[in-house]
1. In whole angstrom, and with the biggest value first, how far do the Cα coordinates of the stretch 94-191 range along each principal axis?
2. For the stretch 1-115, go through all pairs of different Cα atoms, get the mean of 1/r, take its inverse, and jot down that Kirkwood value in Å.
3. I need the peptides 81-90, 21-30 ranked by packing, meaning the mean over residues of other C-beta atoms within 10 angstrom, with the highest value on top.
4. Considering only the chain, what is the antiparallel percent among its DSSP beta bridges, to the nearest 5?
5. Listed here are the pairs Lys28/Lys110; Lys115/Lys150; Lys28/Lys168; Lys15/Lys43; Lys15/Lys171; which of them are more than 22 Å apart at the Cα?
6. Could you work out how far apart the two model spin labels at Asp11 and Glu179 are, taking each label as a point 7 Å from the Cα in the direction of the beta carbon, and quote it in nm?
7. Please give the FRET efficiency for Lys64 paired with Tyr113, using the beta carbon to beta carbon distance and R0 = 35 Å, rounded to the nearest 0.05.
8. Could you tell me the extents of the stretch 16-188's C-alpha atoms along the three principal axes, largest first, rounded to whole Å?
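Taken together, the values in this text are just the output of simple stated rules run on the coordinates, not laboratory data. Just so it is clear, the structure is predicted and the values come from calculations on it, not from any experiment. Virtual Cβ from ideal backbone geometry, glycine too; neighbours counted across all protein chains shown.
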Amino acid sequence: MFPKATWSMPDTGFKRLYLTFDDGPQPKVTEYTLGVLDEFNAKATFFCVGANIERYPDIFQQVKEHGHSVGNHTFNHADGWKYSWLDYQASIDKCQELTQSTLFRPPYGKLTYPKYRKLTKRFRVIMWDVLTYDFDQELDLEQAWENIVKHTRDGSIIVMHDSVKSIKNLKILLPRILEHYSKRGFQFCSL
Ligand SMILES: [Zn+2]
């Protein structure tokens, strides 16, 4: 549907994985995430919501200081199916003043094709090929883990969330991913 969007990175044979964290920055959750990533010498990409950057500028600063990439996730987590282009663009512009990034991820993964076309002129639109479902309050962690292992390959882009809703699952799944794939020679890189 979105041919030029990035769903995964090329399989280079270098065993690289791309962890992405949406919806932060968020006190405690983002700080937790930064700590675990550091333990494994992992770099990642944070798709931030502009309103949260305004609320927590210090945490946003920490994300960048730890050497991670940041991307635009709109100012107010705008729904690309419901917003007019003008409103959607305004939300992106307002976030862009804070993120100044070439990377964009649509909230909920929702975009219309005309919006998508316009966005590709300005951004690398980053989707994913591995969903962790860390936001799901009823998540069966073993099933989620099986799903991650089944879909993750060299070059995969994995979606997680540094949000209050996800912290419970994040604390189980993130260290497990980092440990499992580090042991197998994978490197975690930012986009
Ligand atoms: Zn989001």
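1. Taking max minus min along each principal axis of the Cα atoms, the stretch 94-191 gives 39, 31, 26 Å.
2. On the way: mean 1/r = 0.0671 Å⁻¹.
In the stretch 1-115 this quantity evaluates to 14.9 Å.
3. Details: 81-90: 14.0, 21-30: 22.8.
Packing order, densest peptide first, comes out as 21-30, 81-90.
4. Numbers: 1 of 21 bridges.
Antiparallel bridges make up about 5 percent of those DSSP assigns within the chain.
5. Working: Lys28/Lys110 28 Å; Lys115/Lys150 32 Å; Lys28/Lys168 12 Å; Lys15/Lys43 14 Å; Lys15/Lys171 24 Å.
Pairs exceeding 22 Å: Lys28/Lys110; Lys115/Lys150; Lys15/Lys171.
6. With each label point 7 Å from Cα toward Cβ, the separation is 2.8 nm.
7. Working: r = 33 Å, r/R0 = 0.93.
It comes out at approximately 0.60.
8. Taking max minus min along each principal axis of the Cα atoms, the stretch 16-188 gives 46, 33, 30 Å.
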